[in-house]
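These notes are about the structure you will find just below.
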Amino acid sequence: MSRPYGVLAASALLLALLMQPLSAEELYQPCITCHGDVGQGDVTTGAPALAGQDEAYLARQLRNFRDGVRGAVAGDDRGMQMSAMAVPLSDSDISALAAYLSELNRPPTTVVEGNLRNGMTLYQGNCGACHGPAGEGNPSLNAPALAWLDGAYIQRQINNFQQGLRGRHRGDRYGRQMNLMAKGIESRDLDDIIAHMRSRTRD
């Protein structure tokens, strides 16, 4: 084999290796800084837990970020950061990531102080029909799990829905539903709702 041919062959092989699709674990590496090494989330960065979340929900949100359905409204700074991270992802990348994250163990929860009776009443009246009696989510209704998400993240997303920073894009069918539901939730009651969900995860 002549040297020029050998160089070309090696270059072609290297290019082929580089063009091979990344594994889900490799795709997740840039996410670790914010979302944690096992998808547990990080309250200091405001990044939610992803581990154990419904696969279809995760895929839908990644597509929404990538396609400008979510994280494209001025004022949603963290959503815009996620949108930028999702832009390079292909459909197959998104499917692989969603499947990988959904199989990770859900992070442990901690007790949250609040009025459990008020939280139960409000949760069952506003949230339970879609998100499940203990906030465990309901894939058949396209409703994500909420119970092990950080309280500050839930507060921020409810505020985003209420202010039109999330859920107003015509392509976000389920976000538009949440946009309407969120308007009936008072900020002062959210701690009680979160406390109720956390108490149910520890039953």
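Tabulated results
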| item | result |
| --- | --- |
| Lone qualifier among 111, 43, 38 - being within 15 Å of the chain's Cα centre (by Cα), closer than 19 Å to residue 149 by Cβ, modelled with pLDDT under 95 and open to solvent by 50 Å² or more (accessible area, probe 1.4 Å) | 43 |
| Those residues of segment 151-164 which are over 19 Å from residue 114 (Cα atoms) and open to solvent by less than 30 Å² (accessible area, probe 1.4 Å), in sequence order | 157, 160, 161, 164 |
| Count of residues meeting criterion [open to solvent by less than 40 Å² (accessible area, probe 1.4 Å) and within 24 Å of residue 82 (Cβ to Cβ)] in segment 165-203 | 11 |
| Test result for residue 168, more than 14 Å from the chain's Cα centre (by Cα), outside any helix (DSSP H, G or I) and either on the phi < 0 side of the Ramachandran plot or among the hydrophobic types (A, V, I, L, M, F, W, C) (or both) | yes |
| Selection count, segment 124-135, where residues are touching a residue at least 40 places away in the same chain (Cβ under 8 Å), over 10 Å from residue 181 (Cβ atoms) and out of contact with any Asp or Glu (no Cβ under 9 Å at 6 or more places or on another chain) | 2 |
| Residue selected from segment 15-54 under the condition in a loop (DSSP other than H, G, I, E, B) and of a type in the set (Val, Ile, Thr), by the criterion nearest to residue 142 (Cα to Cα) | 38 |
| Enumeration of residues in segment 52-81 that are among the hydrophobic types (A, V, I, L, M, F, W, C) and surrounded by 20 or more Cβ atoms within 10 Å (Cβ to Cβ) | 58, 62, 65, 69 |
| Test: residue in segment 129-150 that is open to solvent by 60 Å² or more (accessible area, probe 1.4 Å), farther than 18 Å from residue 49 by Cα, at pLDDT below 95 and part of a loop (DSSP other than H, G, I, E, B) | yes |
| Residue check, residue 122 closer than 21 Å to residue 48 by Cα and crowded, with 18+ Cβ neighbours inside 10 Å | no |
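The values are calculated or read from the model by the stated rules, or taken from the named source; none is laboratory data. What you are looking at is a predicted structure, and each value in this text was computed from that prediction instead of being measured. Ideal geometry is used to build each Cβ from the backbone, glycine not excepted, and the neighbour counts take in all protein chains shown. Just so you know, the surface numbers come from the protein's heavy atoms only, side chains and all, with ligands and any DNA or RNA stripped out. Shrake-Rupley method; radii C 1.70, N 1.55, O 1.52, S 1.80 Å.
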